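Below: the structure, in structure tokens.
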Amino acid sequence: MIISGNIKETRNQIKEWKRHGLSVGFVPTMGYLHEGHKSLMEAAKRENDKVAVSIFVNPIQFGPNEDFASYPRDLEKDAALCESVGVDLIFHPEAEEMYAEDFSTYVDMNGLTKELCGKSRPTHFRGVQTVVSKLFHILPADRAYFGQKDAQQLAVIKKMVRDMSMDIEIVGCPIIREADGLAKSSRNTYLNAEERAAALVLSRSLAEGKKLVESGERDVSKIKKCIEAVITGEKLARIDYVEIVDFADITPIENLDAAKTGEILCAIAVYIGKTRLIDNFICKYR
Ligand code: AMP
């Protein structure tokens with residue numbers, strides 16, 4: 001397994017594989033890898049000859065009061081997990097390699113990025129789109145793998161690729177959860193024992209919402225109220241947002257039947273103590 005922090009070296013390696021007619025799958029991550037990331041790597045492994053993973057805590061997608069400095073990092077453990085899956089290359093650059101002192105070009109979009117996480121993290125998706133665009137240029141893969149855990153991010157990246165005619169296929173992968181339902185996340189390490197128990201309120205509230213949808217409820221405000229009621233019952237939890245949007249374009253809807261392709265995204269962000277966690281379900285019901 002190659003580990004490189006160098007842009008030129010990494011790009012040359014990917015190009016060489018492609019010259020030999022090998023397909024390349026790419027998994028962008030911020031590291032501190034867990035089973036969620038592993039599932040993306042395994043999907044990439046199944047569908048491609050070579051697999052590349054990037055591990056980079058991207059400073060420009062964090063807001064000024066967010067957890068960039070404290071974000072967990074463990075390259076040695078990450079490399080071992082990558083090796084166990086059969087990853088061929090890890091791209092692990094320093095921030096200076098990615099962002100020169102005079103860096104000034106950003107990728108952004110209207111629409112999709114303004115709702116949900118975009119409201120509480122106004123510069124987040126600009127940072128994500130910029131780094132992912134750069135990574136797609138550094139690692140010109142055939143396919144890139146993203147988790148549905150970050151459903152808005154997945155929608156944004158798919159749209160960016162379409163809008164910019166980028167030559168890469170975006171593959172979405174299902175959310176991997178702990179046995180008790182908590183969505184796996186590198187940020188779960190911030191939780192103490194009491195908070196870890198309280199964090200179950202995310203998956204529990206979504207399960208209640210989903211049950212309501214499956215029973216035929218179409219009124220978005222009623223479904224949201226049901227989810228909010230479960231969350232507010234947990235004293236360590238504070239709602240950032242509970243939203244239901246049309247998954248086709250991440251626009252708010254009042255009735256599920258208004259979704260253009262019949263696919264809705266029900267997404268929540270909840271503070272458990274100081275830790276902000278997200279979870280969601282996507283429902284295709286026609
Ligand atoms: P991150 O390292 O948090 O930036 O995540 C890197 C990629 O892994 C993103 O595409 C995430 O959506 C995906 N991911 C993170 N957690 C999970 C999970 N629990 N299940 C599936 N994918 C995940």
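Tabulated data for the structure shown
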| quantity | calculated |
| --- | --- |
| Per residue, the convex hull volume that the Cα atoms of the chain enclose (Å³) | 135 Å³ |
| For region 1-143, convex hull of alpha carbons as volume per residue, Å³ | 125 Å³ |
| Crossing angle, helix 35-47 versus the chain [Cα axis fit, 0-90 degrees, rounded to tens] | 60 degrees |
| Highest average packing first - 182-193, 248-259, 19-30, Cβ atoms within 10 Å | 19-30, 182-193, 248-259 |
| Degrees separating the helix 220-232 axis from the principal Cα axis of the chain, which is the longest one | 80 degrees |
| Most mobile listed residue (Gly147, Gly127, Gly233) in the chain, GNM with C-alpha springs under 10 Å | Gly233 |
| Cβ-derived FRET efficiency at R0 41 Å, Ser84 paired with Arg238, nearest 0.05 | 0.65 |
| Amide H contacts under 5 Å for Ala141, placed H, 5+ residues apart | none |
| Taking region 171-286 and dividing mean pair separation by its residue count, relative contact order in percent (alpha carbons under 8 Å, at least six apart) | 22 percent |
| Equivalent ellipsoid, region 209-277 (semi-axes from 5 times Cα gyration tensor eigenvalues, Å) | 24, 14, 8 |
| Estimated FRET transfer efficiency (Lys158, Glu76; beta-carbon r; R0 41 Å; 0.05) | 0.80 |
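Values in this text are rule-based calculations from the coordinates and carry no lab data. Since the model is a prediction, treat every value here as computed from it, not as a measurement. As a convention, Cβ positions derive from the backbone with ideal geometry for all residues, glycine included, and neighbour counts pool all protein chains shown.
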